[in-house]
2 protein chains.
Amino acid sequence: MRHDLSQTVALLERTPAALNALLRNLPDCWTLSNEGEGTWTAFDIVGHLIHAEHTDWIPRAAMILEHGESQTFKPFNREGQNEKSQGKSLPQLLDEFAAVRAESLSRLRAMKLEPGDLDRRGRHPNFGPVTLGQLLATWAAHDLTHLHQLSRLLAYQYREAVGPWMVFLGVLQCNGHSSAA
Amino acid sequence: MRHDLSQTVALLERTPAALNALLRNLPDCWTLSNEGEGTWTAFDIVGHLIHAEHTDWIPRAAMILEHGESQTFKPFNREGQNEKSQGKSLPQLLDEFAAVRAESLSRLRAMKLEPGDLDRRGRHPNFGPVTLGQLLATWAAHDLTHLHQLSRLLAYQYREAVGPWMVFLGVLQCNGHSSAA
């Protein structure tokens, strides 16, 4: 599947509502549990997605349009949500994510990108040259990697409760853990 | 986390809305693509979840309550959705899933299960004795295994579009594929 911006946007605009439908008012035993020390809860994931809206996707896209490869993206701090989420409730974070995502998509539309713009290049601190198209496709895939993580960490809470069915449930055998973003 | 029926129900009742928010009117290039020959699309997954409501969870729970270990569950046909989904649209399947899930949860409530009932046993064709609690926990974990599969197969469509970011996206390294249900 070739990268098409309208398809990317179609996915990006659905993620907040999908997370909201799954997580709002779900008992804390689901939303505040993780997969062991150093791993994330549902609460952490939503905070992380908010943090990425503020510091990753649109700021990097704007940097590509303005500076091309002459400036290197600031490294993304994937634990950056911890401080900002403190004292907030999950429903608050879900509302905040919906608002910042809508704002990001509005800024994206204001860029009036043409298909040829997707080949414009920026500079990633690890990878070197990357294209705007790769950045925007990664934005959508990043939503999906955290939906994937979320379904896995929720299922993890029932790894014993399911008894012998464990062997049939792929989510309990998953090793697809993201290393960074 | 111990199995608690109210927690299981909280998750089960959210899945249809979460899938609806993610998939309704998402372009076909997302919802009709799979991960290669013999793998499923989003459309297939929703059909499979409907089929499981009809033939797996509540029918097996009712069999445990009525017959205990004296009757063996009928094997679940995990390709059983193919015929039933034919000619339907994804929005139709999403509506149908919401309706059959609501009906299943209504039948579950009518069983008026007490915590002690979760230890009652039935007989699985592969595993032998299983408990009602394990069956109901698996119902919820099965939703999650397919949400996990869905996020992976959607991300798979962008495995090339993300360029070098592929190495950071755990969802693109996932080997947690379910073998049956």
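A quick yes/no check of all residues on (1) open to solvent by less than 60 Å² (accessible area, probe 1.4 Å); (2) outside any loop (DSSP other than H, G, I, E, B):
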{"position": "B:Glu83", "(1), (2)": "no, yes"}
{"position": "B:Lys88", "(1), (2)": "no, no"}
{"position": "B:Val130", "(1), (2)": "yes, yes"}
{"position": "B:Gly133", "(1), (2)": "yes, yes"}
{"position": "B:Leu136", "(1), (2)": "yes, yes"}
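Where helices (runs of 4 or more DSSP H) sit wholly within region A:1-52, those with at least 3 residues that are closer than 12 Å to A:Phe97 by Cβ and of a type outside the set (A, V, I, L, M) occupy A:15-23. From the list B:Leu108, B:Leu132, the one residue that fits, being more than 9 Å from chain A (Cβ to nearest Cβ) and in contact with a Lys or Arg (Cβ under 8 Å, 6 or more places away or on another chain), is B:Leu132.
Please specify each residue of region B:67-84 satisfying the condition of being among the basic types (Lys, Arg) and modelled with pLDDT under 80. B:Arg78 - this is the single residue of region B:67-84 that is among the basic types (Lys, Arg) and modelled with pLDDT under 80.
The conditions of being at the interface with another protein chain (Cβ under 9 Å from one of its Cβ atoms) and either outside any loop (DSSP other than H, G, I, E, B) or crowded, with 24+ Cβ neighbours inside 10 Å (or both) are met by B:Ala141.
Listed by first and then second residue, the pairs with beta-carbon distance under 7 Å, at least 6 apart or on different chains, first residue in region A:156-175 and closer than 16 Å to B:Trp139 by Cβ and among the hydroxyl-bearing types (Ser, Thr, Tyr), second part of a helix (DSSP H, G or I) and at pLDDT 95 or above, are A:Tyr158/B:Ala137; A:Tyr158/B:Ala140; A:Tyr158/B:Ala141. Checked against the criteria, A:Leu147 does not count as touching a residue at least 40 places away in the same chain (Cβ under 8 Å) and more than 7 Å from chain B (Cβ to nearest Cβ). B:Asn126 passes every criterion in (1) of a type outside the set (A, V, I, L, M); (2) facing chain A (nearest Cβ under 9 Å); (3) surrounded by 21 or more Cβ atoms within 10 Å (Cβ to Cβ); (4) not in a helix (DSSP H, G or I) apart from (3).
When A:His142 is tested against (1) touching a Lys or Arg at 6+ places or on another chain (Cβ under 8 Å); (2) within 20 Å of B:Glu160 (Cα to Cα), just one condition goes unmet, and that condition is (1).
Of the residues A:His48, A:His54, the single one that is touching a residue at least 12 places away in the same chain (Cβ under 8 Å), open to solvent by 50 Å² or more (accessible area, probe 1.4 Å) and within 19 Å of A:Thr15 (Cα to Cα) is A:His54. Could you tell me whether any residue of region B:30-38 is within 8 Å of another protein chain (Cβ to nearest Cβ) and either in contact with a helix residue (DSSP H, G or I) (Cβ under 8 Å, 6 or more places away or on another chain) or under 20 Å from A:Asp4 (Cβ atoms) (or both)? Among the residues of region B:30-38, at least one is within 8 Å of another protein chain (Cβ to nearest Cβ) and either in contact with a helix residue (DSSP H, G or I) (Cβ under 8 Å, 6 or more places away or on another chain) or under 20 Å from A:Asp4 (Cβ atoms) (or both), which makes the answer yes. For the condition in contact (Cβ under 8 Å) with a residue 24 or more places away in the chain, within 13 Å of chain A (Cβ to nearest Cβ), open to solvent by less than 40 Å² (accessible area, probe 1.4 Å) and under 23 Å from A:Gln7 (Cα atoms), B:Leu93 does not qualify. Restricting B:Arg24, B:Arg101 to residues that are within 14 Å of chain A (Cβ to nearest Cβ), in contact (Cβ under 8 Å) with a residue 60 or more places away in the chain, within 16 Å of the chain's Cα centre (by Cα) and under 25 Å from A:Leu154 (Cβ atoms) narrows the list to B:Arg101. All conditions but one from (1) at the interface with chain A (Cβ under 10 Å from one of its Cβ atoms); (2) open to solvent by 30 Å² or more (accessible area, probe 1.4 Å) apply to B:Pro16; the one that does not is (2). Cβ-Cβ contacts under 8 Å between residues 6 or more apart (or on different chains), taken from a first residue in region B:122-133 that is touching a residue at least 24 places away in the same chain (Cβ under 8 Å) to a second residue that is open to solvent by less than 50 Å² (accessible area, probe 1.4 Å) and part of a loop (DSSP other than H, G, I, E, B), are listed as B:Gly122/B:Phe73; B:Arg123/B:Phe73; B:His124/B:Phe73; B:Pro125/B:Phe73; B:Leu132/B:Leu113; B:Gly133/A:Ala161; B:Gly133/B:His3.
The values are calculated or read from the model by the stated rules, or taken from the named source; none is laboratory data. All of these numbers come straight from a predicted model, not from anything done at the bench. Neighbour counts are summed over all protein chains in view; Cβ atoms, including those assigned to glycine, are modelled from backbone coordinates with ideal geometry. These area figures cover heavy atoms from the full protein model, side chains too; ligands, DNA and RNA do not enter into them. Shrake-Rupley method; radii C 1.70, N 1.55, O 1.52, S 1.80 Å.
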